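Everything on this sheet refers to the single structure shown next.
The values are calculated or read from the model by the stated rules, or taken from the named source; none is laboratory data. Quick caveat: nothing in here was measured; it's all calculated off a predicted structure. Glycine gets a Cβ as well: all are built from the backbone with ideal geometry, and neighbour counts include every protein chain shown. To get the accessible areas, we keep the full protein, side chains included, count just its heavy atoms, and leave off ligands, DNA and RNA. Shrake-Rupley method; radii C 1.70, N 1.55, O 1.52, S 1.80 Å.
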Amino acid sequence: MPPDTLLQRITDYANRADPYPLYAELRENGVTRQTDGSYLVGSYEDIAALLHDPRISSDSRNRTDQDTVPLLRRGPQPAAFIGFDDPEHDRLRRIAMRPFGPPHSPGRIDALRTDIARIADELVGGFRDRDRIDVVEDFAYPLPVTVICRLLGVPHEDVPRIRGWTNDVVAGLDLRPGKDGDDRAAKGLEARQAMGMYLGDLADRRRDDPSDDMLSALVHDSGPDGHLTRGELMATATLLLIAGHETTVNLITNGALTLLRHPGALRQLRDDPGLMPGAVEELLRYEPPVHLLPQRTPLADVEVSEVTVPKGAPLILVLASGNRDPLRFDEPDRFDPAREDNQHFGFGGGVHNCFGAPLARLETQLALRALLPRLEGFQLAEEPPPYRSSPILRGPRHLRIERVPGS
């Protein structure tokens with residue numbers, strides 16, 4: 001039986017390669033209540049307002065029906081700070097930001113520039129004399145995971161374990177109903193807890209043997225907001241590790257795919273790397289790594305485009321739909337690396353705006369600069385490529401390219 005609601009069709013894997021016609025339908029229909037009681041919001045104006053509305057909670061404990069809370073947000077390990085509201089969210093976020101970037105550690109991200117560029121160059125150097133490449137396996141995954149593991153202080157030999165846990169957590173971010181979705185969520189919860197315990201144990205070792213990494217900084221932080229409890233540290237480190245590479249993998253991969261589909265833009269950026277920062281902003285709008293924010297809940301009845309969303313109801317913000325809203329962007333379905341006034345939702349917005357955005361931007365700019373010259377003479381081996389299962393963090397599972405015959 002085909003999916004019968006817009007949410008079910010958006011989350012149906014059959015539509016993963018091109019959900020944008022469904023997003024256009026969402027914008028045309030306005031705020032839409034689904035049969036499970038959730039409300040979908042897809043217009044740019046509505047999403048922007050809700051991201052900055054203090055009446056909209058990120059804390060699942062404010063759901064009227066706790067059965068609608070995703071399984072991954074349950075369990076003995078505390079939620080990460082993205083699952084709390086202020087002041088709890090603000091305190092935990094400030095502690096996490098102190099060793100990560102400005103204002104307390106203003107040089108940490110920029111200091112990574114040389115290392116990121118070197119890793120990218122080493123990876124593309126491995127493409128030499130090859131006729132087939134998987135951009136995900138050979139480049140887009142190893143680059144950001146290497147960077148975030150070094151930043152946190154995770155040993156390189158543990159990266160395979162990190163990848164297995166991350167894959168299970170991301171697969172568990174699935175809004176599709178049924179036993180398969182429940183099984184994925186349960187496996188994802190188990191993986192999140194295992195990763196949290198691993199990082200907690202690693203942080204414990206840093207208490208007596210600190211080094212120049214973020215785990216050591218978090219363990220020994222003596223700022224005005226106090227210390228993280230062990231549970232808070234586990235949840236924060238897990239979030240930093242997963243979010244610190246997972247979305248960037250998708251952003252780099254979506255970028256490579258988009259540019260292969262737009263060879264004129266690829267050549268332009270290859271020949272003039274100075275255009276890359278603006279192009280990355282357009283990629284964040286056109287093919288963002290995060291499509292949905294499913295964990296919002298009104299703290300009171302709120303009016304959204306003349307529809308009353310009741311207190312405690314699940315509220316799903318379809319960020320990727322807002323990024324293609326023709327009322328906000330001219331020709332929104334056109335990829336334009338030189339687009340101006342590009343205030344996209346690629347990193348969310350409001351108090352929960354992704355604080356890892358500077359690192360993701362830097363990694364993607366340097367990654368694509370290194371990769372684009374190597375794409376000369378290559379074409380997509382599969383169109384569309386196979387996508388990962390999650391409708392929330394959307395990106396190809398593989399991006400296989402092959403040398404054009406005779407090139």
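Tabulated values for the structure
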quantity: Globularity index of the range 274-407, i.e. its alpha-carbon radius of gyration over 2.2 N^0.38 Å; calculated: 1.27
quantity: Extended-chain gain in nm, criterion 0.36 nm per residue less alpha-carbon gap, Thr5 and Arg267; calculated: 90.2 nm
quantity: Sequence-separation-based contact order of the chain, relative, with Cα cut under 8 Å and 6+ spacing, percent; calculated: 27 percent
quantity: Stretchable slack from Asp183 to Ala357, in nm (0.36 nm times residue separation minus alpha-carbon distance); calculated: 59.5 nm
quantity: Overall dimensions of the chain as given by Cα atoms, namely Rg and Dmax in Å; calculated: 20.8, 64
quantity: Evaluated at q = 0.17, 0.31 Å⁻¹: base-10 log I(q)/I(0), Debye formula over Cα of the range 1-55; calculated: -0.59, -1.25
quantity: Unit charges on C-beta of K, R, D, E only; dipole of the chain, Debye; calculated: 560 debye
quantity: Anisotropy class of the range 195-236 from Cα gyration tensor, a/c 1.5 cut; calculated: oblate
quantity: Net charge of neighbours whose Cβ lies under 12 Å from the Cβ of Arg361, counting Lys and Arg as +1 and Asp and Glu as -1; calculated: -2
quantity: Phi to ³J(HN,Hα) by Karplus 6.51 cos²θ - 1.76 cosθ + 1.60 over the range 261-267, Hz, x for Gly, Pro; calculated: 7, 10, x, x, 5, 4, 5
quantity: Ranking by accessible area, most exposed first, for Arg397, Arg369 with a 1.4 Å probe; calculated: Arg397, Arg369
quantity: Between the range 109-153 and the range 372-407, the Cα center-to-center distance that results, in Å; calculated: 17 Å
quantity: The range 86-201: radius of gyration over Cα atoms, expressed as a fraction of 2.2 N^0.38 Å; calculated: 1.33
quantity: Shape of the range 325-368, Cα gyration tensor, a/c cut at 1.5; calculated: oblate
quantity: D_trans [Stokes-Einstein, Kirkwood Rh over alpha-carbon pairs] for the range 240-316, 10 °C, 1.306 mPa s, µm² s⁻¹; calculated: 104 µm²/s
quantity: Value of [θ]222 nm, deg cm²/dmol, for the chain, DSSP H segments ≥ 4, -39500 (n - 2.57) each, nearest 500; calculated: -14000 deg cm²/dmol
quantity: Convex hull of the range 128-277 built on C-alpha atoms - directionally averaged projected area, nm²; calculated: 13.0 nm²
quantity: Amide H partners (placed H, <5 Å) of Tyr387, local residues excluded; calculated: Arg397
quantity: Charge dipole magnitude, Cβ of K and R +1, D and E -1 - the range 96-166, Cα centre, debye nearest 20; calculated: 320 debye
